[in-house]
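Here is the structure we will look at.
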Amino acid sequence: METPESFFLLQWLHGFALWLLSSVHIALALAVTLHALMKKEEVHKAVSWIGLAWLAPFGGAFAYWLLGINRIGRTGVALGLRQAWNSDGDAAEAFAVSFDAVDAVLAGVARVGQQVTGKPLLGGNSVQPLTDGDNAYPAMLAAMDAAEHSITLQTYIFHNDKAGQAFVEALARAHARGVQVRVLVDAVGARYRPTGVLRRLRNLDIPCASFLRPSITRLLSHVNLRNHRKILVVDGEVGFTGGMNISANHWFSTQPSTPVHCLHFEVRGPVVTDMQRAFATDWAFTTRERLQGAPWFAPPVPRGSLLARGVTDGPDADIDHMRQVILGSLAAARQRVRIVTPYFLPDEVVLSTLQTTALRGVAVDIVLPARSNLPLLDWAMRPQCDELLAAGCRIHLTPPPFDHGKLFVVDDDWALIGSTNWDARSLRLNFEYNLECYDEALVAALDPLIDGRIAQATLLDADTLARQSLPARLRNRLVWLLSPYL
């Protein structure tokens with residue numbers, strides 16, 4: 001039988017529970033509000049998260065903790081890549097030139113690059129484009145076979161296939177004749193099938209490592225921090241970089257089942273020192289081994305007339321470097337902008353700047369694959385196209401095989417080459433490496449590569465977008481909402 005005392009006790013406990021839950025909800029919502037106000041850079045994002053936290057008790061705060069906090073930037077800074085290794089190779093700065101040395105129109109871009117990266121332009125370089133693995137791999141393998149002192153190799157994907165076997169054998173030959181070899185592969189990229197290259201290298205006693213293995217305790221943050229850089233440096237003198245992984249898919253003469261076009265570049269001159277510096281920083285962070293002086297760094301020697309600067313980008317102290325360089329170059333464009341990228345999901349600021357560039361009368365050509373290897377990205381890209389087309393941008397869709405190449409050219413004497421795609425993952429999450437190049441001869445060599453792609457492509461127009469079915473439009477819009485995470 002219920003007594004008055006037990007009845008009042010139950011009422012009191014019920015009231016206390018409501019008070020406690022309400023207090024916790026208010027405290028969590030206040031915490032989200034304060035954090036969003038202090039950390040969010042865009043008003044609509046701050047308002048959305050604050051509203052969700054107040055209107056969805058506990059669930060809104062949990063969602064903010066799970067998805068709203070920028071652990072990427074915070075964790076990236078905590079990684080301390082720059083502190084992992086003290087800078088070497090300062091002899092290359094003897095080849096530094098002032099940004100006033102470039103054409104007056106591009107002097108502002110050169111200034112942006114120097115202010116953002118803290119690095120000067122370096123003179124005395126040469127850059128040679130290498131199309132697909134049929135041109136890139138033989139040149140890279142020949143350079144490794146000619147190595148006398150050191151080889152450093154960094155890549156996102158290292159397939160255990162015909163291409164991977166050729167590289168492992170070249171590395172083994174160099175290691176056997178006393179060349180110092182270091183190989184760094186991204187921990188997630190190393191899991192792309194066919195796998196097993198790192199195990200083969202370890203069995204050959206070749207020093208190798210995987211970059212930033214995701215752990216259970218840091219799964220949410222580290223799984224997205226991928227090292228997308230592609231760098232090969234031989235004897236500290238000749239380098240290779242670009243967008244090409246090590247995979248038989250790029251080597252058309254091996255008749256791969258899934259062929260993929262791509263671009264890579266052979267680099268010589270003082271800027272190779274910066275490429276080696278980028279590798280050494282990542283290697284020191286991963287293994288704690290410092291690669292300093294000989295045999296890793298060689299006295300820089302001029303090999304041409306090209307001005308170049310290495311642009312490192314990643315979710316640490318280098319965050320937003322590529323984005324700022326891209327925005328600076330778009331603002332300086334006077335005649336034309338030509339973009340080749342496999343994935344195109346830039347943020348609103350970059351999209352608006354592209355539209356404004358076209359509205360200024362600059363010819364803007366964007367070359368994308370008609371179908372990439374990631375259907376979700378293809379769907380998410382479509383909703384952006386309407387406004388770009390309306391502003392006068394031209395979008396060219398290339399037919400299969402899938403084109404993984406990355407190029408960005410402004411006017412007739414500026415080019416950006418390297419590993420960065422035009423999407424949120426490359427511009428905010430990945431560690432990337434690119435070369436900012438000032439040289440008419442290089443742009444003249446790149447133009448035919450872009451022209452060839454445009455000649456084979458289909459020009460996307462507003463009518464084609466308008467003819468999309470309603471289900472397709474809804475699908476594209478829904479996936480587009482996920483674009484920051486793709």
Per the filter on segment 167-215, residues assigned to a loop (DSSP other than H, G, I, E, B), under 28 Å from the mean Cα position of the chain (by Cα) and at pLDDT 95 or above are 206, 207
Would you check if there is a residue in segment 351-363 being more than 18 Å from residue 385 (Cα to Cα), open to solvent by 10 Å² or more (accessible area, probe 1.4 Å) and at pLDDT 95 or above?
-> yes
Residues in segment 408-442 that are under 22 Å from the mean Cα position of the chain (by Cα) and over 17 Å from residue 268 (Cα atoms) total 18
Would a scan of segment 308-317 turn up a residue that is open to solvent by 30 Å² or more (accessible area, probe 1.4 Å), in contact with a strand residue (DSSP E or B) (Cβ under 9 Å, 6 or more places away or on another chain) and part of a loop (DSSP other than H, G, I, E, B)?
-> no
Inside segment 344-418, counting only strands (runs of 3 or more DSSP E) that do not spill past its ends, which hold 3 or more residues that are under 20 Å from residue 443 (Cα atoms) and free of Cβ contacts under 8 Å to residues at least 60 places away in the same chain?
-> 363-369
Could you please find all residues in segment 256-295 being part of a loop (DSSP other than H, G, I, E, B), open to solvent by less than 40 Å² (accessible area, probe 1.4 Å) and either among the hydroxyl-bearing types (Ser, Thr, Tyr) or under 18 Å from residue 155 (Cβ atoms) (or both)?
-> 256, 262, 291
Residue 162 being over 22 Å from residue 403 (Cα atoms), open to solvent by 20 Å² or more (accessible area, probe 1.4 Å), of a type in the set (Lys, Arg) and at pLDDT 90 or above | no
Is segment 329-338 home to any residue that is surrounded by 16 or more Cβ atoms within 10 Å (Cβ to Cβ) and either under 17 Å from the mean Cα position of the chain (by Cα) or among the charged types (D, E, K, R) (or both)?
-> yes
Filter result for residue 294 (more than 20 Å from residue 127 (Cβ to Cβ), among the aliphatic types (A, V, I, L, M) and over 22 Å from the mean Cα position of the chain (by Cα)) = yes
Residue that is surrounded by the fewest Cβ atoms within 10 Å (Cβ to Cβ), among those in segment 419-432 that are part of a helix (DSSP H, G or I) and touching a strand residue (DSSP E or B) at 6+ places or on another chain (Cβ under 7 Å) | 424
Residues of segment 296-305 satisfying the condition of being of a type in the set (A, V, I, L, M, F, W, C) and crowded, with 16+ Cβ neighbours inside 10 Å = 296, 297, 298
State the number of residues belonging to segment 101-131 that are under 30 Å from residue 250 (Cβ atoms) and buried (at least 22 other Cβ atoms within 10 Å of the Cβ).
-> 4
In segment 241-255, the residues that are buried (at least 22 other Cβ atoms within 10 Å of the Cβ) and part of a loop (DSSP other than H, G, I, E, B) = 243, 244, 245, 247, 251
Looking for whichever is over 23 Å from the mean Cα position of the chain (by Cα) and modelled with pLDDT under 80 here; the options are 89, 80. Which one fits?
-> 89
Within segment 146-169, the residues that are within 21 Å of residue 272 (Cα to Cα) and in contact with a helix residue (DSSP H, G or I) (Cβ under 6 Å, 6 or more places away or on another chain) are 147, 151, 152, 154, 156
Can you find a residue in segment 277-296 that is among the hydroxyl-bearing types (Ser, Thr, Tyr), assigned by the TED database to the domain that holds residue 93 and in contact with a Lys or Arg (Cβ under 8 Å, 6 or more places away or on another chain)?
-> yes
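The values are calculated or read from the model by the stated rules, or taken from the named source; none is laboratory data. All figures in this text were calculated on a predicted structure; none of them were measured in a lab. Because the Cβ atoms are built from the backbone with ideal geometry, glycine has one as well, and the counts that use them run over all protein chains shown. Calculation scope for accessible area: heavy atoms of the full protein, side chains included, ligands and nucleic acids excluded. Shrake-Rupley method; radii C 1.70, N 1.55, O 1.52, S 1.80 Å.
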